[in-house]
């Protein structure tokens, strides 16, 4: 991507945004990919242009997590049938283990986000759409960093990466021990094609302190 005009650059290439005048980025799916260029003129006005790039072959390795979360372009996730939310030991448990709720229990904690709610992860714009069971939606974006791993004091792998959201939370993305404050940064404990497990603990939580867990599966 190259900008030869005397304007400030912003390139939205679907799974990220680059502010550079010239940059090389990784696209993660074949077919048509839209790159949206936004330029800021000296007078404060904006210009926007959409460039469509057709990718016939992926020549560089694409993180497999994109495929797990988004499928071939977008993928819808729902709560696991049981033991889908609750708390347990930080850096210790791998799912809700102490206070364990099913989807109906989630509904009591976050109205509209229990049974029949879902989340849609899309490669386009790295967008996350939360679909509540009352028909309302919330849209934001997501990112992940698989380099941010965590291990227990005994050296056992616990978190395989970190997941972040902007402008939206995951379903029931709250911290009960912090006045139900929204949670936007999670540890990824498990991510495969058929299961996603996230965890969160307030800053300063020690091993076996209280953490909260979210368990999702693809919508069938």
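The values are calculated or read from the model by the stated rules, or taken from the named source; none is laboratory data. This structure is a prediction, so every number in the text was calculated from the model and none was measured. No Cβ is skipped: glycine too gets one built from the backbone with ideal geometry, and neighbour counts run over all protein chains shown.
A few notes on this one:
- Within the stretch 24-45, restricting attention to residues that are in a strand (DSSP E or B) and at pLDDT 80 or above, the residue that is farthest from residue 169 (Cα to Cα) is 39.
- Per-region count, the stretch 126-172, residues in a loop (DSSP other than H, G, I, E, B), in contact (Cβ under 8 Å) with a residue 40 or more places away in the chain and in contact with a strand residue (DSSP E or B) (Cβ under 9 Å, 6 or more places away or on another chain): 6
- Odd one out for residue 142 among (1) within 20 Å of the chain's Cα centre (by Cα); (2) modelled with pLDDT of 95 or more: (2)
- Single condition residue 88 does not satisfy, out of (1) more than 30 Å from residue 37 (Cβ to Cβ); (2) part of a strand (DSSP E or B); (3) within 21 Å of the chain's Cα centre (by Cα): (3)
- Under the condition of being farther than 15 Å from residue 211 by Cβ and free of Cβ contacts under 8 Å to residues at least 60 places away in the same chain, the residues counted in the stretch 82-118 number 14.
- Test result for residue 121, closer than 16 Å to residue 197 by Cα, outside any loop (DSSP other than H, G, I, E, B), free of Cβ contacts under 8 Å to residues at least 60 places away in the same chain and touching a helix residue (DSSP H, G or I) at 6+ places or on another chain (Cβ under 7 Å): yes
- Residue count for the stretch 181-220, restricted to those that are assigned to a strand (DSSP E or B), within 27 Å of residue 70 (Cβ to Cβ) and touching a strand residue (DSSP E or B) at 6+ places or on another chain (Cβ under 8 Å): 22.
- Condition met for residue 96 (in contact with a helix residue (DSSP H, G or I) (Cβ under 6 Å, 6 or more places away or on another chain) and either outside any strand (DSSP E or B) or surrounded by fewer than 16 Cβ atoms within 10 Å (Cβ to Cβ) (or both)): no
- Checking every residue in the stretch 61-69 against the condition of being at pLDDT below 70 and surrounded by fewer than 13 Cβ atoms within 10 Å (Cβ to Cβ) gives at least one match.
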